[in-house]
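Asker: Have a look at this one before I ask anything.
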Amino acid sequence: MRRRRLVAGLVGLALAGGMLTGTASADERLVAYAQQAAGQRVVYSYPGLTPPESLLAHIRAGEAAGVIFFGENISSLSQISGVVRQLRAAAAQSPDPYPLLLMTDQEGGMVRRLPGEPALSHKDIGQAANPGSAATSAGRGAGQNLAGVGMNVNLAPVLDVFHAPGDLMDSYERSFSSTASTVGTLGANYVTAQQAVGVAATVKHFPGLGKANADQNTDTRPVTLNVSLSTLRSVDEAPYQQSIAAGAKLAMLSWAVYPALDASRPAGLSAAVMQELRSRNGFTGVTITDALEAGALQGYGSTGNRAVLAAQAGDDLILASARDVNQGTAAADALAGALADGTLDSNAFGAALARVNALRASLG
């Protein structure tokens, strides 16, 4: 009975994806569909300046949602433009009709992967003579810069509300302000301007890293932020309301643990935190994990285990950003296996994939 339900769920997903065609057996096609559907929830990364053949093969097979770029992948605007054309050409050979999600972190200031705009950091924007105008200019500049090389997603803006000078977000100038209302307004300005030029915005790191001290970096180690529920909602989550209303297309969840919401798991692995984002804050777009290789997840096993836990929690996209195609492959293989054996619910999987595909369809 359980197997019949699983097969029925996969058949429904495959029909929706147009996969049950051709001469292969039904079982073979279902396995192929599970692999393809799983890959379409993974954002890959790679080392150096040249995409390896293994990445191009995944793309040609329709087994990738997109690619994230880092500084080591970029030597100039013309070079990365050529890479983007190469990736798009591979995608054009795939059975997947949707454009790739081609993304980077172009927040401004210290956190820029491409040369050029936005020159101002979030902190600079908050301290500008006209912060609202500066945020709009930064969002527009980021969007135009990415669009100019063929990218279509920016992992920005940051909506963390810093709590003290020199804390984690303030030290890297990644917070607009220590006032939630100011962060909300400037974040929404950035989102609106960026998306107006065709580049999707990603608000991050829900429910907020503003309370993190300078040594509480989830990239390197587990972090627990003991913030009351009332403060989380009135300060840290508050800026998201305006950006969600402005139509932000993606939201990235933090890897910190928030005992007020879920004491047992980091936010990006927590169904309770996902419910807070979607049900309480009304976000209906695409959710994406932070880096799957982050030190904050050192207690959560392999790449595959982390990917499955994230999908179970409700993350739509898995960010495999270790600059290793094999990391993305391991995540996709684990998702495919968990979908096939029923560990991941096929209906929830299909809903996540539908959100990702709708996002991809909306972008060039």
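The values are calculated or read from the model by the stated rules, or taken from the named source; none is laboratory data. Since we're looking at a predicted model, the values are computed, not measured. In this analysis, Cβ positions are derived from the backbone assuming ideal geometry, glycine residues included, and neighbour counts consider all displayed protein chains. The area values use the complete protein model at the heavy-atom level, side chains included, leaving out ligands, DNA and RNA. Shrake-Rupley method; radii C 1.70, N 1.55, O 1.52, S 1.80 Å.
Asker: For A200, what residues show an amide H to amide H distance below 5 Å, using hydrogens built from the backbone and excluding near sequence neighbours?
Answerer: Amide H neighbours of A200: V153, N154.
Asker: Would you calculate a helix-derived [θ] at 222 nm for the chain, using -39,500 (n - 2.57) for each DSSP H run of n ≥ 4 and dividing by the full residue count, to the nearest 500?
Answerer: Helices in the chain give a 222 nm mean residue ellipticity of -13000 deg cm²/dmol.
Asker: Sticking with this structure for a sec: Enumerate the calculated ³J(HN,Hα) couplings along the stretch 342-359 in order (Karplus 6.51 cos²θ - 1.76 cosθ + 1.60, θ = phi - 60°), each rounded to whole Hz, writing x wherever the residue is Gly or Pro.
Answerer: x, 4, 9, 5, 5, 5, 5, 4, x, 5, 5, 5, 5, 5, 4, 5, 5, 4
Asker: Once neighbouring chains are kept in place and the probe is 1.4 Å, which whole percent of the accessible area of the chain is contributed by carbon and sulfur?
Answerer: Ligands and nucleic acids excluded, carbon and sulfur give 52 percent.
Asker: Considering only protein heavy atoms, what per residue accessible area in square angstrom results for the chain with a 1.4 angstrom probe?
Answerer: That works out to 36 Å² for each residue.
Asker: Shifting gears a bit: In terms of the Cα gyration tensor, with a ≥ b ≥ c the square roots of its eigenvalues, is the stretch 124-185 rounded because a/c is under 1.5, prolate because a/b exceeds b/c, or oblate?
Answerer: The shape class here is prolate.
Asker: In sequence order, what are the phi-derived ³J(HN,Hα) couplings for the stretch 189-195 according to the Karplus relation 6.51 cos²θ - 1.76 cosθ + 1.60 with θ = phi - 60°, rounded to whole Hz, with x for glycine and proline?
Answerer: Calculated HN-Hα couplings, in order: 4, 4, 4, 4, 5, 5, 6 Hz.
Asker: From Cα pairs below 8 angstrom and at least 6 apart in sequence, can you work out the relative contact order of the chain, rounded to a whole percent?
Answerer: Result for the chain is 18 percent.
Asker: Now for a separate question. Based on DSSP, what percent of beta bridges with both residues in the chain are antiparallel, to the nearest 5?
Answerer: Antiparallel bridges: around 10 percent, rounded to the nearest 5.
Asker: Report, by chain and number, residues whose modeled amide H sits under 5 Å from the one on H205, excluding near sequence neighbours (fewer than 5 apart, same chain).
Answerer: Hits under the 5 Å cutoff: L159, D160.
Asker: To the nearest 0.05, how large is the calculated FRET efficiency for A358 and L77 if R₀ is 30 Å and r is the Cβ-Cβ distance?
Answerer: 0.50
Asker: I'd like the Karplus ³J(HN,Hα) series for the stretch 326-335: coefficients 6.51, -1.76, 1.60, θ = phi - 60°, whole numbers in Hz, and an x wherever there's a Gly or Pro.
Answerer: 4, 4, x, 4, 5, 5, 5, 4, 5, 5
Asker: Could you give the size of the charge dipole of the chain about its Cα centre, using +1 on the Cβ of each K and R and -1 on the Cβ of each D and E, expressed in debye and rounded to the nearest 20?
Answerer: Rounded to the nearest 20 debye, it is 760 debye.
Asker: Once you order the gyration tensor axes a ≥ b ≥ c over the Cα atoms, which shape class does the stretch 207-326 get: rounded for a/c under 1.5, otherwise prolate or oblate by comparing a/b with b/c?
Answerer: Judged from the Cα gyration tensor, the stretch 207-326 comes out oblate (a/c at least 1.5, b/c at or above a/b).
Asker: For the stretch 40-179, give the share of DSSP beta bridges that are antiparallel, in percent and rounded to the nearest 5; count only bridges with both residues there.
Answerer: Here the share of antiparallel DSSP bridges comes out near 10 percent.
Asker: Also: With a Förster radius of 41 Å, plug the Cβ-Cβ distance of R278 and M110 into 1/(1 + (r/R0)^6) and report the FRET value to the nearest 0.05.
Answerer: Here the calculated transfer efficiency is 0.85.
Asker: Sequence-distant or interchain residues sharing an amide H contact under 5 Å with S321, placed H: which?
Answerer: Result for S321 returns L292, E293.
Asker: For Q241 and F70, what does the FRET efficiency come to when R0 = 45 Å and r is the distance between their Cβ atoms, rounded to the nearest 0.05?
Answerer: Working from the Cβ atoms, E equals 0.90.
Asker: Once fully extended, how much extra length lies between L229 and A129, figured as 0.36 nm per residue of separation less the alpha-carbon to alpha-carbon distance?
Answerer: Fully extending the segment from L229 to A129 adds 32.6 nm.
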